[in-house]
1. When the residues of the stretch A:561-591 are filtered to those that are away from every other protein chain (no Cβ under 11 Å) and part of a loop (DSSP other than H, G, I, E, B), which remaining residue is modelled with the lowest pLDDT?
2. Output the residue which, of all residues in the stretch A:335-357 that are touching a Leu at 6+ places or on another chain (Cβ under 9 Å) and not in a strand (DSSP E or B), is most open to solvent (accessible area, probe 1.4 Å).
3. Considering each of B:A406, B:A440, B:A386, B:A423 in turn, give the residue that is more than 20 Å from B:M333 (Cα to Cα) and over 18 Å from the mean Cα position of the chain (by Cα).
4. Which ones in the stretch A:564-595 are within 34 Å of the chain's Cα centre (by Cα) and not basic (K, R)?
5. How many of the residues making up the stretch B:364-377 are assigned to a loop (DSSP other than H, G, I, E, B) and within 17 Å of B:H407 (Cα to Cα)?
6. Which residue out of B:E160, B:E151 is crowded, with 24+ Cβ neighbours inside 10 Å, in contact with a helix residue (DSSP H, G or I) (Cβ under 6 Å, 6 or more places away or on another chain) and charged (D, E, K, R)?
7. Do you know which of the residues in the stretch A:449-470 that are touching a helix residue (DSSP H, G or I) at 6+ places or on another chain (Cβ under 6 Å) and not acidic (D, E) is most open to solvent (accessible area, probe 1.4 Å)?
8. Residues that are at pLDDT 95 or above and either open to solvent by less than 10 Å² (accessible area, probe 1.4 Å) or within 11 Å of chain A (Cβ to nearest Cβ) (or both): does the stretch B:248-268 have at least one?
Amino acid sequence: MLLILSACTSDIGRNTGAKNFGPIPFEATPPISSLAKVKSVMIGQGPSNSDISQVIVDGHLDQDALAAKVEEWIDTPEFRIRLKRMLVQLLQQDFEYDNTENPRHTGRLRYANTDLTYFGGSDQLERAQARSEMMFDNLRESFVRTALRFIDQDLAFNSIATTRKWEVTTGVMVLMAWIDNPRIDSDNHLDLAGRRDKAKQMYLEPNGLVNDDFDDWRPITFTQAADNISPPSFLSIPYYRGLEENDSTPFKISRVGFFSTVANRMKWVTNDDNQWRVIMNQAMITGLNLTYDTADATNQPITAGIDDDHAKGECYLCHKAMDPMRNVFTNNMTSSYRLKDVPYSNLNGSFAFFGYQQNLSSVDDFGNAIANHPRFALGWTQKLCRYFNTGECDDKDAELIRVAKVFKDSGFKFRTLLIELLSSPLITNQFETLTYQKTQGIISANRRDQLCSTLNVRFRDLQIANGQSPMELDLGQELCSKDDALDYSDNIPQDTVVRGSIGLAQPPTLNAISTRSIERLCRELSDVYIGGSENFFVFNPQNNSSYLDRLVKYLAGIDTMHPRYTALRTAAEEIYNQAFVAYGSGANAQRDGLREVFRFICEGPEVTGVGF
Amino acid sequence: MSLAELNRRQFILKSLTAMGGLGLKSVLLNLPPAFLLRGAMASTSAKKLIFSHNRSGDPLNGNTPGSYPNVPLNVVRHPVSGTHASSFVKTAIQLGPQSYDGAQVWGTLSSDIRDQMHFFRAPTLENNHTKGVYVMSVRNALKNKEGRSYEIFPSVVSYENAAALGIENPKPMGFGGVLEYENVEEAPIKPKALKELFQSYTNATESVMKQARDTAIDALYSALKSKGTLAQRKYLDNHAISRNQAAIYATQLSSYLTSVTNNSTINIIRAAVALLKINATAAVRLSFAFGGDNHSDADLEFEAEQTVNGVADIQDLWDEVKSLGLENDTIFMINNVFGRTLEPRGPGRGRDHNTWDNVAIVLGPGVKPGVTGGLDPNPEFPYQRAAAFNSVNGTLTNPDVPPSLAHASLVKSVLKICGVPEARIEKRIKSGIYVPNLIA
């Protein structure tokens, strides 16, 4: 890696201007802004003096030094939280429970009706409801934790498509056993959907799950149960509770890779018309950053499984690739993701997609085809490039291809991809790449998660600087729902997974409503945290200067070596003084002045923009 | 913010958005130049849209003009009991020069509404409450701006007409219920929150300090605005424009929302029309109720009550449209997820979902008043389903539009009424025909 980086560093920080990648003249991003961007997307803070002195040398960004910083930041708890959020979206595990659709697949796990008589009182009902919510949280988190294991242990990340060893709780396994029940009702739906008695048994004492069953994470391998093997029932809770780290247990439903998690299937509900095609397409998007396309000329050697309705005309171009892939799923499963009654069908399967063909006889084969597909490395490099840039990189960009190759050659080590990509000009825009023609070194606006997370991290820094106990580190959910803050943060756009779309929807720009929402959010937070219920500061006229210093350094993320420090510090002082005059010099003058400085910084580009 | 300062900001904003500054405008608004150019070349008859969609599947097809064939009540049911029974007596409803048999309540609408109001029988061929997006995209026949995938009707109008109307935001805005733009769900707006978000600063000191903060931000980054990178300049310009727009919204919206106290229907109407008035969007989505999912409405009394209120909502909405001077620029349309069954379903039962019949309502300039389509007397399902109709006169004589194409034809025709250029309509929807009986 060092050799490659050294080769790249020859152009770092220079506007070579001679590559002519396209009509838009290249402008290098100021090194301090590139550093701010990388640190901001990773952990939400601004660059410290230490960061600046290590990474910016003689006015140029040292790519090796930045790579070292990225490696350091990867291991911070701040990045960990953001990484989990990124993975839950990119691995498409972030379902919202749908009371209409999901019960067909998973049973009535959430109690929409509050039948106190049945549950024997509100305590029991509330406990069951709370545990169903824990279950959903576990389901969302399970495969993200699995992916994190690959990252932490430097294992091949393409194994996300093939692994049967998942991080699970007892609760998750019990639910999977519940779904593994082969019986279906007359509508081909899960017969447990209306069986509240079973759900009650599962969720409540004396023999059901307890709260600890939703917090006992460990890796368990899910083997494929032979036809003559019946996996332990979902009521065998002590059995699942007794499984220890690295044990294995059988399931009849194939539990292989990110595309066969309960969360993924709850997110992408199929039906009798769709017949698993949504899962196929979303798996291609997740694994390979591609979607079915009539232009894909890959030879599909078989026609088994193609619906007659789609066997000719324009539809056929997609269905010829897609439908034979489904066979390994539809052979023994219904469109409710349930096991069929025997006899199963036995159609041959074939994966033929963007230049790669492989015969399929099992769901494991399908996962292997994704993992072995030549586009896996480029797909994930593009996925992350788009995520961190808030805009698509160019698939033909030599630098993107180089980073993807480094990722692949490392044995698909995700950490290597992060380090290589986040220190690359694709993200830093320190020298020209083809991607610049698409992104033009974009500075995007923080979306809700990023903004709230950034505020959380920076508030913690302020609290620590003030000698206070810092608030809990999270994505900023608590902060952005404090008092009336939720009303305003709710109006700030959110990153969203969109069915059928390769990239997340990441609104990159501010508009009137989001701007106003941020203004109101900042106002609300200033009222709470400065002289309000969660006060940051102990007011004393002698503290003004140091408090202003801290707001500039920690809230704005502008340390003293930053080129804009002096100007921002001066502006903060002026705002403070104007507020002092405007509000009058009463008992609350210092509070009001600091609140105004807080709002000034919070509304400004240093907080709202990513790497301004 | 002082008036002088606001005027300066408005002047800058208008200058920036003038066609002469296309490149700059494109950069600032993050919209492709083609979008802006298309607006310049688009039809000058572009209209704004207020779109009502109800996932309940309301029984409009049981009482609107054209829904009272000469058959007994055991074939086509109407409300006959309760407080509002008189509102459902079969009455000749004047729609422009012609009258049509319908529930009396429709005749209570003012004549200026009935002179540009059309009732269009168009089954959605769906009977599932969750299929709102599917129905609003005409079962995916309505395509996105590239002519692929799908897009829902209000989002097509908002995108296609935004530029022509000088509206920067190509997305629709909604007040509840599913609303997608480019397959991404849009967050619903609550009138009370909108009022509070954009209310002017009542505290003079806060207003002064807001101006001070804006001025300080502008001053602090003034050097970057002229000498920064393109990305920095774009971000700062967008930041400034958003602040300016928010300030303008605050100034303009607050006067229209003064009477908003909660999120009731009348306040949704006020907020929706206000957003159109200030050019925040070209299309808004809301939901008027006309009886709802009335499976167990045994005597149809709830249907009667809600329909009376729903008709009043239409009157309130158009009054609000007129009070803000938008009556020549706005189309109102109701198109629900499906209609309801017409024949009695047995004791204690109301109406079930009807895949095969539904009535849409279109109101506004460019709409020919009247009725299109009718109930099919076919003895296999007498008067329970929409019949094929004649697109020129709307009757069942010499029909040329089968029920399977009625919905697409309705949407295609309303796009034309909304002023979307035909070339763009053809890109968006291939199926269906323009219905002369609907288009004035």
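The values are calculated or read from the model by the stated rules, or taken from the named source; none is laboratory data. None of the values given here were measured: they were computed from a predicted structure. Neighbour counts run over all protein chains shown; Cβ positions are idealised from the backbone, glycine included. These area figures cover heavy atoms from the full protein model, side chains too; ligands, DNA and RNA do not enter into them. Shrake-Rupley method; radii C 1.70, N 1.55, O 1.52, S 1.80 Å.
1. Going through the qualifying residues, I end up with A:S585.
2. Among them, the one singled out is A:N348.
3. The unique qualifying residue is B:A423.
4. Listed by number, the residues that qualify are A:Y565, A:L568.
5. Final tally of qualifying residues: 3.
6. Answer to the check: B:E160.
7. Applying the filter and picking the extreme gives A:P470.
8. yes
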